[in-house]
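Student: One structure, as structure tokens, below. Some questions next.
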Amino acid sequence: CEDRAMEENEQPTGGPYFVGKKDELIEAKRSFRTLEDRDILIIHHQGVFYALDSYCYHAGGLLQNGDIEELNGRLCIICPKHKYKITLAEGESLYKANDPRDPQPVPRWYSKGMKQRTHTVTEINGEVFVKLSKSQGWLESDFFQGEKGKLERAKAEAAEQKEKEKKKEKKKLENTK
């Protein structure tokens, strides 16, 4: 009987998972949740909820601190680490470039395709739920999830810190000359 009660409390794989009360999530604007070992960022922006993998697909930067801007008519979060632009709704990576074949090149927005996994958000009676996306095969943001992702993020952070220290030492040496 006890086992059955535990089974009833377990949520099915993929969700939908309760992530918070609507009012609290709106007030927070951005919320971090871990669902099935997956770190998810829930964003409320301009009256709409979005959910996407928390770490940027490029180098594992924490998207929670990224600015949100409208680019080419689409809302994007900009990774604070390397300024990668990711659409909130689809997880598509955008970049601006010139087409060298144009006689008068004008910078335009182009897509690198879907790189960041997004998840479905629903609101029922003031409660917000996230259903994890399992579709689209493997996406680049999947790399930075789970235990392996944690190790990769830590390695990248350590390498970045080492680089900063090197620059600091070099500057110190230049100032003593």
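The values are calculated or read from the model by the stated rules, or taken from the named source; none is laboratory data. Everything numeric in this text was worked out from a predicted model, so none of it was measured. Every residue, glycine as well, gets a Cβ built from its backbone with ideal geometry; the counts of neighbours run over all protein chains shown. We work out accessible area using only protein heavy atoms, side chains counted, and drop any ligands, DNA or RNA first. Shrake-Rupley method; radii C 1.70, N 1.55, O 1.52, S 1.80 Å.
Student: Considering the options Gly73, Pro100, Ser54, tell which one lies farthest towards the positive end of the dipole of region 16-145, charges being +1 on Lys and Arg and -1 on Asp and Glu at the Cβ, about the Cα centre.
Tutor: Farthest towards the positive end: Pro100.
Student: So with the 1.4 Å probe, I'd like the accessible area per residue for the chain, rounded to whole Å². Present the calculation step by step, with values, prior to reporting the outcome.
Tutor: On the way: 11630 Å² over 177 residues.
Normalised by residue count, the accessible surface of the chain is 66 Å².
Student: Just how much of Phe32 is accessible, in Å², when a 1.4 Å probe is used and the result is rounded to the nearest 10?
Tutor: The value for Phe32 is about 80 Å².
Student: Which whole-Hz ³J(HN,Hα) couplings does region 74-83 yield from phi under the Karplus relation 6.51 cos²θ - 1.76 cosθ + 1.60, θ = phi - 60°, glycine and proline marked x?
Tutor: Per residue, the Karplus-derived 3J(HN,Hα) values read 10, 6, 10, 9, 10, 4, x, 6, 10, 6 Hz.
Student: Do any trypsin sites (Lys or Arg not before Pro) in region 123-153 lie in a DSSP loop with no more than 14 other beta carbon atoms within 10 Å, and if so, which? Could you put the intermediate results ahead of the total?
Tutor: On the way: sites: Lys131, Lys134, Lys148, Lys150, Arg153; in loops: Lys134.
For trypsin sites (Lys or Arg not before Pro) across region 123-153 that sit outside H, G, I, E and B with at most 14 neighbouring Cβ atoms in 10 Å, the list reads Lys134.
Student: Something else: Normalising by the residue count of the chain, find the relative contact order in percent from Cα pairs under 8 Å and 6+ residues apart. All intermediate terms of the calculation are to be shown ahead of the outcome.
Tutor: Details: 288 pairs, mean separation 35.7, N = 177.
Once divided by the residue count of the chain, the mean separation gives 20 percent.
Student: In straight Cα distance, which lysines are under 26 Å from Lys131, not counting same-chain residues fewer than 8 positions off?
Tutor: By straight Cα distance, Lys131 reaches Lys21, Lys22, Lys29, Lys85, Lys112, Lys115, Lys148, Lys150.
Student: At a 1.4 Å probe radius, carbon and sulfur cover how many percent of the accessible area of the chain?
Tutor: On the way: 5760 of 11630 Å².
Of all accessible area on the chain, carbon and sulfur atoms account for 50 percent.
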